[in-house]
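Below is one structure, written out as structure tokens, with a few remarks after it.
Nothing in this text is a laboratory measurement; each read-out follows from the coordinates by a stated rule. As the structure is a computational prediction, the values presented were derived from the model and not from experiment. Note: ideal-geometry Cβ built from the backbone for every residue, glycine included; neighbour counts use all protein chains shown.
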Amino acid sequence: MNPLQRITAIPALALCALISTGCDKDALAFASRTAKLLEDYRGQLTNEISAAEDYYRRYAAVETDSAQKRASGLQAVALLETADKWSIDYIQQVKDTARVREQLLDAATTHFDETQKRWLNEIDQSRIYLDRIEKLQAGKEKAEALAKLLESLAQKRSLATEAKEIGKFIEATKEELDKKICENIAGTLKQTDLPADRKAALEQLSKDRKCPAQNS
Amino acid sequence: MTQPSNYTLLLLAAALTSPAQNILYNQDRDKLAKDTLEAARQIASAPLSAAEIRNLATIEQNQIQSAIEWYRITMRSNIQSFRTWRDAQNSINFIAAEIDEREAGLQVAPRVAATAAGLTSRRENLKTQINNLVKAGELAKANAAKTASATTPSSELKIIGERVGQFEELLAFARKVAAGIPANPADSNQAAAGIREDIATTLTSVEKAVKDIQKGIQEVGELATTIETIVSSWEKIRVDPASLAPSPDKIALELLQREAEFIKNLTALRVRRHFEVAETIKLIRRFQAEFQRNRFSTADLDSEITADLSSLAGSASFRGALEQRLRTLLLAAHISARQSGDQTMNDIRESIEFRRYEVSRQSVYNSAYEVALSAAAERLAAYYASGIKPTQVAQLVYQLGTAFTLPYIAVTK
């Protein structure tokens with residue numbers, strides 16, 4: 001490569017980089033506006049989740065109340081049915097009226113056991129219903145994760161950071177270029193009709209550029 | 001376009017003409033933008049409304065299960081209340097009155113109290129609005145198709161590349177001509193061979209140079225494409241992200257479709273309820289007819305059902321009357337099993353349907369945000385992925401060297 005051309009190309013590249021330093025203005029603004037849009041969306045999600053959770057709480061309260069009423073209703077019906085059945089049993093003398101208190105104790109024990117279950121579960125019965133409901137916070141958490149990323153994208157980098165990044169770019173470009181030049185030298189050295197002086201010069205160049213050793 | 005200074009000018013021009021963009025690729029920003037895109041896609045792939053709809057299905061199932069349990073308890077309670085024939089009659093009359101009262105619309109949930117006529121008229125309006133929006137959408141699509149694509153710099157480079165290809169053909173022809181140069185009698189055989197060899201060497205060098213130029217042009221072409229991509233991705237981030245949301249017409253169409261779906265479901269529920277209530281009313285009328293056929297006296301009406309049945313069961317001659325009474329009791333039991341619970345069940349279904357509609361309508365607005373956010377994240381990712389990469393610059397600089405320096409040295413050595 002013409003040394004003059006190489007000399008002008010790299011600084012020109014650096015100049016381009018410098019011109020474009022801090023020039024992500026539109027991208028930063030776009031990320032910032034997107035973050036604002038996300039904020040609106042998150043607000044909407046918050047309201048929606050709040051409305052849904054209210055709905056679930058109301059549903060759980062209604063269901064808890066309904067379950068308690070059903071349990072009472074069931075006991076009342078069972079009472080009627082038992083009295084009906086026992087009356088026939090006494091008429092048909094299947095049951096002994098003399099043992100009515102013993103039978104009453106059995107009935108009371110059954111009733112007690114059922115009521116006890118309710119007492120024990122009564123701490124927060126609505127939880128039974130709420131636990132069956134899928135949690136809605138996941139969507140909000142995902143939106144929050146996106147918000148953090150957008151915030152990083154909208155953040156203006158410091159001049160020092162940008163200079164460092166440009167330095168990295170130029171370094172990477174030089175490395176790539178060296179790799180290509182070394183490949184070219186290696187390819188030229190493989191030519192059989194290469195004059196001895198040129199071959200020696202290229203070998204020296206390869207050594208100077210610290211090109212990796214090639215298999216002959 | 002083929003001088004090194006022009007290439008650097010190209011980079012400079014790109015940087016100068018687009019002062020608000022960064023033309024150099026930045027791996028860290030690219031990764032960050034890609035992560036952002038992934039996060040935006042995550043939001044759109046698992047919308048909140050989907051979870052809400054699943055929850056509503058769970059709630060609906062639970063509430064219907066509770067209602068069914070209630071019906072069973074009420075049925076058992078009704079059967080227990082059948083002490084006298086009058087009790088049985090009163091119990092069924094009570095259910096009939098309940099149905100009449102509810103059918104009169106006294107206990108219909110206010111938010112779903114739209115009349116059938118109102119629903120029909122709304123549905124017709126929706127149909128007209130949807131048709132108008134569909135027509136507007138088709139017109140917009142047709143206009144968009146008319147937009148012609150512009151000629152790009154990379155296409156011009158392609159033409160140059162083709163011309164170089166033609167030059168290659170010319171070289172191949174020259175090589176053939178050189179091979180066929182007849183020996184000049186004035187020259188010695190050795191000299192003639194030397195001339196031919198010189199021409200062949202020169203042509204080989206020129207051919208190599210042309211190939212390198214071709215590669216260089218290809219590189220410039222790729223670089224031009226990259227710059228076009230940078231400019232295009234830059235233009236795409238100069239808009240308001242909110243403008244990336246679906247058009248108001250599209251949102252309106254979506255909302256109308258959701259509303260149409262809601263009305264369709266509500267209508268289906270009401271039709272179903274109408275049939276269920278009609279069936280219960282039919283059973284009640286049949287019960288009343290069967291009850292009349294028993295020809296109960298006032299004393300019979302107040303007699304215990306069990307005692308009445310016992311008196312009839314004692315003789316075969318009363319079998320007809322016994323069957324009549326049992327048919328009446330069985331009908332009363334069936335009505336008790338159906339009872340007026342249909343209304344409660346339908347209330348639950350309509351209430352859930354209404355909530356489902358609310359969620360579905362909300363999801364249209366959410367989806368508009370999700371589409372805009374996803375599109376914005378895609379644009380940011382495309383922008384940060386579009387910069388000129390170190391490999392491209394290195395390749396270009398390398399091509400500049402090999403295209404114009406090495407062939408020159410080779411030819412003039």
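Miscellaneous remarks
- Between residue A:197 and residue B:218, the FRET efficiency from the beta-carbon distance, with R0 = 45 Å, is close to 0.85.
- Full extension of the chain segment joining residue A:209 with residue A:147 gains 17.6 nm, where the gain is 0.36 nm per residue of separation less the Cα-Cα distance.
- Burial ordering of B:226, A:110, fewest other beta-carbon atoms within 10 Å first: A:110, B:226
- With respect to chain A, whose longest principal axis is taken over its alpha-carbon atoms, helix A:159-189 is tilted by about 60°.
- Kirkwood-type radius of region A:29-156, with distances r between different C-alpha atoms, in Å: 19.9 Å
- Amide H contacts for residue B:24 (H built 1.01 Å from N in the peptide plane; partners 5 or more residues away or on another chain; cut-off under 5 Å): B:388.
- The trypsin sites (Lys or Arg not before Pro) of region A:154-186 that DSSP puts in a loop, and whose beta carbon has at most 16 other beta carbons within 10 Å, are A:156.
- Violating pairs (Cα-Cα greater than 31 angstrom) within the set A:164/A:210; A:140/B:31; A:207/B:31; A:207/B:208; A:207/B:215: A:207/B:31
- Computed from label points 7 Å out along Cα-Cβ, the spacing between residue B:58 and residue B:124 is 4.3 nm.
- Value of D in µm² per second that Stokes-Einstein yields for region A:158-216, Kirkwood Rh from Cα pairs, at 25 °C (0.890 mPa s): 186 µm²/s
- Less than 5 angstrom separates the built amide H of residue B:84 from those of B:305, all sequence-distant by 5 or more or on a different chain.
- Shape call, chain A: gyration tensor on alpha carbons, a/c limit 1.5: prolate
- FRET efficiency for the pair residue B:98 and residue B:44, taken as 1/(1 + (r/R0)^6) with r the Cβ-Cβ distance and R0 = 41 Å, rounds to 0.25.
- Calculated FRET efficiency, residue B:319 to residue B:131, Cβ-Cβ distance, R0 = 60 Å: about 0.35 to the nearest 0.05.
- Two-decimal Rg/Rh across region A:99-216, once Rg and the Kirkwood Rh are taken from alpha-carbon atoms: 1.73
- Shielding value for B:33-39 is 5, the average number of Cβ atoms from other chains within 10 Å of each residue's Cβ.
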